[in-house]
Amino acid sequence: MEQVKYGEDYKRDFHPEEYLQMYYGTLKGAPSEGDMLQTSMTFWHEAFAQGHVRGRRLLDIGTGPTIHSVISASNYCDNIYLSDFTPQNRETLLKWLDGSLEHSFKTFLQFVVDEEGKGELPNDREAVMKDKVVGIFPLDLLQTDPLMPALFPPFDIITSSLCLEAAAQDLASYEIIAGRIGRLLKDGGHVVLFGVLGESFYRVGSHSFYCLKISAEQVQDIWKRSGFTIVEWKQKATSVEFDTSLSDFEGVFLMVARKSC
Ligand SMILES: C[S@@+](CC[C@H](N)C(=O)[O-])C[C@H]1O[C@@H](n2cnc3c(N)ncnc32)[C@H](O)[C@@H]1O
């Protein structure tokens, strides 16, 4: 049986085109994922639309090859720093930035501008987002200083989608990562996190990738112990249609947490 991939395996076995095609083709996502993608976009929109989470500089952790997680956020910050562990994901983001990526995020952009209801066009929103992107940076959450060799002053907002569960091998490591993320953030700054609950793996092409099986209570306890106040928590159970050969998640959540001063 094929070994589940983790850590350095990403550099060889994670193929951005396959990932985008399997999970981010259109807003309906993979049929096996049910309405997870729609839920994710709604959660991201609602988290920012309230207007409490805003700031000058935003870091997105483990952006992967997709920008869907920062579309809503992009209206509430001036500068966006994208990051990922896997070089081919960073190359994919660079292609998006220079306009040479074949994959289109139009249905995601359209969803956000429709939700915002200000008549903005998806192409215009994408151009505004690109203008705000400062760079695409290597990041390894398993290192004490995840963004090294780059050094930045603390950020106002940190967002992340489906990354911490992929990077942390166990709960102790997840807690260390939460502490590291806390140190990258200003006092009073916000973390906005989208994640999966109870998932042990996800498939990309012919490979299975490791995921830390974690519960809502465990996520909340860890962030509270790491010096955060949870200001918003939403979760949704997996819908019935989902195909357990692609992943075994039991639900998804979005958390907004403020770093204590
Ligand atoms: C499931 S993908 C999520 C990508 C994207 N944010 C999304 O929402 O679809 C998991 C991501 O975690 C990243 N990753 C894996 N190990 C990591 C590590 N040690 N530090 C930071 N990111 C890591 C991978 O490169 C990949 O982009």
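Read-outs: derived from the displayed coordinates by stated rules, not from any lab. This is a predicted model, so every value here is computed, not measured. Cβ sites come from the backbone with ideal geometry, for glycine too, and all protein chains shown count toward neighbours.
See the values below:
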{"quantity": "Translational diffusion coefficient (Stokes-Einstein; Kirkwood radius from C-alpha pairs) of the chain at 4 °C, 1.567 mPa s, in µm²/s", "calculated": "71 µm²/s"}
{"quantity": "Extension reserve of the R183-D124 stretch, reckoned as 0.36 nm per residue once the Cα distance is removed", "calculated": "17.8 nm"}
{"quantity": "Relative contact order %, segment 9-259, counting alpha carbon pairs below 8 Å whose residues are six or more apart", "calculated": "22 percent"}
{"quantity": "Two-decimal log10 I(q)/I(0) for segment 117-248, as the Debye equation yields it once each C-alpha is a single scatterer, q = 0.18 Å⁻¹", "calculated": "-1.16"}
{"quantity": "Restricting segment 46-146 to GluC sites (Glu not before Pro) in coil, as DSSP defines it, with at most 13 other Cβ within 10 Å", "calculated": "E102"}
{"quantity": "Projected area, mean over directions - segment 90-148, Cα convex hull, nm²", "calculated": "5.3 nm²"}
{"quantity": "Whole-Hz couplings from phi, Karplus 6.51/-1.76/1.60, listed for segment 206-213; x for Gly and Pro", "calculated": "8, 10, 9, 10, 5, 9, 6, 6"}
{"quantity": "Given 14 as the ceiling on other Cβ atoms within 10 Å, longest exposed-site-free region of the chain for trypsin sites (Lys or Arg not before Pro) in DSSP loops", "calculated": "119-261"}
{"quantity": "Structure-based [θ]222 nm, the chain - -39500 (n - 2.57) summed over DSSP H runs of at least 4, per residue, nearest 500", "calculated": "-10000 deg cm²/dmol"}
{"quantity": "Which listed pairs, of K28/K106; K106/K213; K130/K259, have C-alpha distances above 20 Å, in listed order", "calculated": "K106/K213; K130/K259"}
{"quantity": "Estimated FRET transfer efficiency (E217, Q143; beta-carbon r; R0 45 Å; 0.05)", "calculated": "0.95"}
{"quantity": "Environment charge at I136 (Cβ cut-off 14 Å; Lys +1, Arg +1, Asp -1, Glu -1)", "calculated": "0"}
{"quantity": "For segment 44-95: Kirkwood Rh in Å [reciprocal of mean 1/r, alpha carbons]", "calculated": "11.6 Å"}
{"quantity": "Long-range amide H partners of S200 with built H, under 5 Å", "calculated": "D248"}
